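Coordinate-derived values only; no laboratory data. This is a predicted model, so every value here is computed, not measured. Note that each Cβ is placed from the backbone with ideal geometry, even for glycine, and that neighbours are counted across all protein chains shown.
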Amino acid sequence: MKWDNFTAGRVKAFQCAEGKKQSIFWDGKTPGLGVRVTSAGAKSYIFETSLNGKTMRLTIGDVATYTIDDAQREAIAYKMQTNKGIDPRVVAADRIAGDVAKVSAIEADRLALAEVSALEQRKRQLIARDAWDVYLAAPHPKWGDQHRADHAIAANPGGAKPKIGKKTTKAAPLAALLKHPLHSITASTVQEWLEEECATRPTFAHNSYRKFRTFIRWCAKHPEYSAVVQADCCLTDEVKDIVPSNKTKDGDSLQREQLAAWFAAVRQLSNPVIAAYLQGLLITGARRNELAMLQWTDVEWNPNWSSITIRDKVDGKRTIPLPPYLMQLLAKLPRRNEWVFSSPTSESEHITEPRIAHTRALKVAGLPHVSLHGLRRTFGTLAEWVEVPSGIVAQIQGHKPSALAEKHYRRRPLDLLRMWHVKIEGWMLDQAGIMFTPEAVGLKAAT
């Protein structure tokens, strides 16, 4: 065993003894520091000492990497640890484990940030129609079938080929809005969309806006969409100024003196289905979609107890009398499918947009505008001329009972409703100058 102070020349000159696998040369200056030379010529600094009665040898590093001073400092540090009973190998292992843990934590943070970024990106790529489809599929206990269908109609993307003609169907108002990513729909987006739609179809646009506003409220409470949606996009003053309130329209009904002109114009419409439908709205006071969804199986034809069963948005269904004049109109309609008021051009196969024909009839009659809902309002108003009890009118129209007695005790039988309903229809026809008697279809006149 050789002990010489290490110099660069000496370290370079160290050679493995012939016939041995390795030789070790020790530094005379630093206890425990040596240079190990293998038969292959590899040289490295080592540290050797005794710990807990056992010899311990550590490799410091290659002589080409470590200078003599570096190796001496490393050996001194190891010697200080062993003098205290500390195993440098344990210290090194702990340091490595800490480094690994630190790297792992950094990597975990990086992955977490990447996941958050990817989630944020997915949210930003969410198209409003995808959320709309989830909204429509969600349970809405208070929705009726027609109310759900109205949402689908308002968002119809269009582009479908009609059964008759070559022009594709036009997109409904909400189609343009639902193309946007949900997060990008701001108040200005809604305002621009609403102004554009109101320029050509204001009523349809207003109704579609109200559906969209409710949809946005739903998104704001949904765990997946609440962080994406602009919850106030429908609530700015600029948007509210475009949309009229839902207050009852003054004058949105027919007067007694206008019945003759109205009936004459409607009966002259070229489409008998729409003509019968419009007269049916006035004679029954039904909601527009309740009557549009009437099926042939909902009609009882016996003239002595004729009736129709309507899909009521409040109670689900209600059965009301079918007065004789209206029964005669329905009997003359073509039976193309299951719908009473069928349409060969509508995707649903029943009429969906009779307002154009009604507006045309009002223009021919020289009457001010009256909405389809205004015909329902007309029924309730004109019934007072026949002195019909208000409870009778409410039950025929499907209004909720307004008084305790009406709500709990007075559910009138169909024959009592029929007596009054025939009187209402007869009075309307008389005011319109239409010559018709119940006996013409085998039904006794009401007395």
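Before moving on, here are some points about what is shown:
- Across the chain, the mean sequence separation of Cα contacts (distance under 8 Å, 6 or more residues apart), normalised by length, yields a relative contact order of 10 percent.
- GNM remark for the chain: springs join alpha carbons under 10 Å apart, and the peak mean-square fluctuation among 319, 352, 30 falls on 30.
- Candidate aspartates and glutamates for bridging to residue 54, where Cα separation is under 13 Å - those fewer than 8 sequence places away on the same chain excluded: 87
- Net lengthening on full extension, residue 302/residue 147 (0.36 nm per residue, minus Cα-Cα): 52.7 nm
- Potential lengthening between residue 24 and residue 390 on full extension [0.36 nm per residue; Cα-Cα distance subtracted]: 120.1 nm
- P(r) histogram, all alpha-carbon pairs of the chain included - 10 Å bins from 0, percent: 4, 15, 18, 14, 9, 5, 4, 5, 5, 6, 6, 6, 3, 0
- Beta bridges per DSSP with both ends in the chain, % antiparallel, nearest 5: 90 percent
- With distances taken between every two different alpha-carbon atoms, the range 202-301 has a Kirkwood hydrodynamic radius of 17.6 Å.
- The chain: calculated mean residue ellipticity at 222 nm from DSSP helix runs of at least 4, using -39500 (n - 2.57): -14500 deg cm²/dmol
- Degrees, to the nearest 10: 128-137 long Cα axis against longest axis of the chain: 60 degrees
- Residue pairs, from the table 211/332; 167/363; 317/363, whose Cα atoms sit over 31 Å apart: 211/332; 317/363
- Under the criterion of Cα pairs below 8 Å and six or more residues apart, the relative contact order for the range 256-441 equals 30 percent.
- Cβ crowding within 10 Å, taken as a proxy for footprinting-reagent exposure, orders 396, 274, 76 from fewest neighbours to most as 76, 274, 396.
- Relative contact order [Cα under 8 Å, 6+ residues apart], the range 2-86, whole percent: 22 percent
- Global geometry of the range 128-242, whether rounded, prolate or oblate, following the gyration tensor of its Cα atoms and the 1.5 cut on a/c: oblate
- Nearest-ten-degree value, helix 372-382 long axis tilted from longest Cα axis of the chain: 40 degrees
- When +1 charges are put on Lys and Arg Cβ atoms and -1 charges on Asp and Glu Cβ atoms, the dipole computed for the chain relative to its Cα centre reaches about 660 debye.
- Shape category assigned to the range 2-86 from the gyration tensor of Cα positions, a/c cut at 1.5: prolate
- Shape of the range 270-362, Cα gyration tensor, a/c cut at 1.5: rounded
- For residue 383, the shell of other residues with beta-carbons less than 12 Å away shows a net charge of +1, using +1 for Lys and Arg and -1 for Asp and Glu.
- Rounded tilt (10° steps) of 202-221 against the dominant C-alpha axis of the chain: 40 degrees
- Length available on full extension from residue 364 to residue 213: 0.36 nm per residue minus the Cα-Cα distance, which gives 50.7 nm.
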